[in-house]
Amino acid sequence: MRNWFACAALAFAATAGAQDTPPDELVKSVMLEIQASVAQDKDLQAGDRDKTIALIEQKALPHFNFGSMTALAVGPAWQKATPEQKKRLVEGFRGLLTRTYASSLNSFRDQKLVFRPLRMKPADTDVTVLVRVMQSGAQPVDIEYDMEKTVRGWKCYDVRVAGISLVVNYRTEFANLVRDGGVDGLIKALEAKNKASSSPAAGAGKK
Amino acid sequence: MVLSLLAAAGCATTATDPRDPLEGFNRAMYAFNDGLDEAVMKPVSRAYKAVAPDLLRGMVRNFFSNVDDVFNTLNNLLQGKPLDALSDLGRVAFNTVFGLLGINDVASEMGLEKHNEDFGQTFAVWGVDSGPYLVLPFFGPYTLRDSAGLVLDWETDPVVRARPIALRNSLIATRFVSKRTDLLDASRVFDAAALDRYVFLRDAYLQRRRSLIYDGNPPREPRPAE
């Protein structure tokens, strides 16, 4: 009984901790943790996809709000989707973003990251956290995380890399697919893409 | 060939995006460029990456980046950003002298950040509208305005003005391979991300240009209701 209490208290403390972490510190700790994991692991450095995806699933994905991201990317069609369709859309988009993230991890391996402290008011519920990736002989690349405050802590709902918003970039693609094949057409396209990039041949080359 | 492509553009009924009225033509150009990239540019860039050590590739990148900073200085002046122009000029001075003709980017390490400017952006700052999206053969994604900028970019490019012609050509080729090699990682991400590669690249290009024109701080678009 006492053990159970201790566990519950600990679990509570842990979640409370994550909820209290300011968004800029959250981004910083997650990014540094991932960078450190890659630095310690030869398989990750060699681009082992399953391991990379496992790392992202564990470290990064809990801090994303895939419901919000999917709704924003799907646009007006989201309102008309059934709960079952919404579920499959979120799953499909989550898979796509995870694989995209995994393919980018290698390029940021030994880059110098500069974290800017965020100036925010205590009442803010929607902020943008900026991380600058420094490179030699090139303009620094800014990664911006749009974060919203939820009951489960700060969650990311869009990422902009060099000014390109992931969510915005999918909007036209998704709208075209919905126009041509309805929401089910979009679901099918997402699932097909995820299936294609999970096949063993996908890593070696394309088509 | 160009005529038949234009005819194809005329027939295209798929053009529904107001930013891309020439979608039929652009898709044909995109397919042409993509084929060329797969057949020639990518293999050459992969070979360059395999053969040349990181350090050497860094030096090549920095050398061309230093030449490019002269050009950035000019465009920042034309855009009425004297402080950025001064910073660019400082980069050229430090990198040429202390970076051994630019092969080391000492200025970035000192905190003088590189800018990315061109005549397309300068025209935008002067109030010229982007015009339709346009995929140019060999050059890739542009807009009408940025293609006009490209002509001036080319005219004022120190590398293009290098003589003798043989030297100029090898400089242009080397710079191209260097740039394409730096994009190998990005094209892997692109392959993983895109459902419709043409649309994904177009939208990414248009977003990127908008960000560059505002020097990384475009006015935030309102978040649409969910």
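Dimensions of segment B:100-226 along the principal axes, based on C-alpha atoms and rounded to the nearest Å, stand at 58, 38, 36, largest first. Derived from the Cα gyration tensor, the three semi-axes of the equivalent ellipsoid of the protein assembly as shown are 37, 29, 22 Å, largest first. Calculate how many DSSP beta bridges within the protein assembly as shown are antiparallel, expressed in % of all such bridges and rounded to the nearest 5. Taking every DSSP beta bridge with both residues in the protein assembly as shown, the antiparallel ones total about 95 percent. Note on chain B: with a GNM built from Cα contacts shorter than 10 Å, the maximum mean-square fluctuation among B:GLU117, B:GLU155, B:GLU109 falls on B:GLU109.
Note on segment B:24-147: Rg/Rh from Cα positions, Kirkwood definition for Rh, rounded to two decimals, is 1.06. Ignoring aspartates and glutamates fewer than eight residues from A:LYS112 along the same chain, the ones with Cα atoms less than 19 angstrom from its Cα are A:ASP24, A:GLU25, A:GLU33, A:ASP41, A:ASP142, A:GLU144, B:ASP54, B:ASP105, B:GLU109, B:GLU113, B:ASP182, B:ASP185. Would you please classify the overall shape of segment A:55-129 from the alpha carbon gyration tensor, given that a ≥ b ≥ c denote the square roots of the eigenvalues, rounded means a/c under 1.5, and beyond that prolate means a/b larger than b/c while oblate covers the rest? Oblate.
So what is the relative contact order of chain A, in percent, for Cα pairs below 8 Å that sit 6 or more residues apart? Kindly include the intermediate steps, with their values, before the conclusion.
Details: 219 pairs, mean separation 46.8, N = 207.
Value for chain A: 23 percent.
So, counting K/R as plus one and D/E as minus one, what does the shell of residues with Cβ under 9 Å around A:VAL127 add up to? Spell out each step's value before the answer.
Numbers: positive: A:LYS149; negative: A:ASP24, A:ASP124, A:ASP126, A:ASP146, A:GLU148.
With Lys, Arg at +1 and Asp, Glu at -1, the net is -4.
Rg and Dmax, both from the Cα atoms of chain A and both in Å, are 18.7, 61.
Label segment A:82-172 by shape, choosing from rounded, prolate and oblate, from the square roots a ≥ b ≥ c of the eigenvalues of the Cα gyration tensor; if a/c is under 1.5 it is rounded, and otherwise prolate applies when a/b is larger than b/c, oblate when it is not. Before the final figure, lay out the partial values.
Numbers: a/c = 2.32, a/b = 1.26, b/c = 1.83.
In terms of gyration-tensor shape, oblate.
The 3J(HN,Hα) values that the Karplus relation (6.51, -1.76, 1.60; θ = phi - 60°) gives for segment B:84-101 are, in residue order, 5, 4, 4, 5, 5, 5, x, 4, 4, 4, 5, 5, 6, 7, 8, x, 6, 6 Hz. Gly and Pro appear as x.
Would you work out the charge dipole size for segment A:17-135 about its Cα centre, treating the Cβ of every Lys and Arg as +1 and the Cβ of every Asp and Glu as -1, and quote it to the nearest 20 debye? Before the final figure, lay out the partial values.
Values: 17 positive and 14 negative charges, 69 e Å.
The dipole of segment A:17-135 has a size of about 340 debye.
In whole percent, what relative contact order does chain B give with Cα contacts below 8 Å and a gap of six or more residues? Intermediate values should be presented prior to the final figure.
Working: 238 pairs, mean separation 46.9, N = 226.
It rounds to 21 percent for chain B.
Given the pairs A:LYS28/A:LYS51; A:LYS59/B:LYS114; A:LYS155/B:LYS81; A:LYS42/B:LYS49; A:LYS42/B:LYS179; A:LYS86/A:LYS155, which are separated by over 25 angstrom at their Cα positions? Before the final figure, lay out each step's value.
Numbers: A:LYS28/A:LYS51 22 Å; A:LYS59/B:LYS114 32 Å; A:LYS155/B:LYS81 37 Å; A:LYS42/B:LYS49 20 Å; A:LYS42/B:LYS179 28 Å; A:LYS86/A:LYS155 19 Å.
Among A:LYS28/A:LYS51; A:LYS59/B:LYS114; A:LYS155/B:LYS81; A:LYS42/B:LYS49; A:LYS42/B:LYS179; A:LYS86/A:LYS155, the Cα-Cα distance tops 25 Å for A:LYS59/B:LYS114; A:LYS155/B:LYS81; A:LYS42/B:LYS179.
Proximity of backbone amide H atoms, modeled 1.01 Å from N, is registered between B:LEU136 and B:TYR142 at under 5 Å, excluding neighbours fewer than 5 places apart on the same chain.
Shown here are the Rg and Dmax of the Cα trace of chain B, at 19.0, 60 Å.
Using unit Cβ charges (K, R positive; D, E negative) and no other charged atoms, how large, in debye to the nearest 20, is the dipole of segment B:12-66 about its Cα centre? Kindly include the intermediate steps, with their values, before the conclusion.
On the way: 7 positive and 7 negative charges, 70 e Å.
The calculation lands at about 340 debye.
The HN-Hα couplings worked out from phi for segment A:185-194 by the Karplus form 6.51 cos²θ - 1.76 cosθ + 1.60 (θ = phi - 60°) are x, 5, 4, 4, 4, 5, 5, 5, 5, 5 Hz, whole numbers, x standing for Gly and Pro.
With n ≥ 4 as the cut-off for DSSP H runs, can you work out [θ] at 222 nm for chain B, using -39500 (n - 2.57) per run divided by the number of residues, rounded to the nearest 500?
Working: 12 runs with 149 residues, N = 226.
Here the helix-only value at 222 nm equals -20500 deg cm²/dmol.
Quick note: the coordinates plus some simple rules give every number you see, no bench work behind them. Quick caveat: nothing in here was measured; it's all calculated off a predicted structure. No Cβ is skipped: glycine too gets one built from the backbone with ideal geometry, and neighbour counts run over all protein chains shown.
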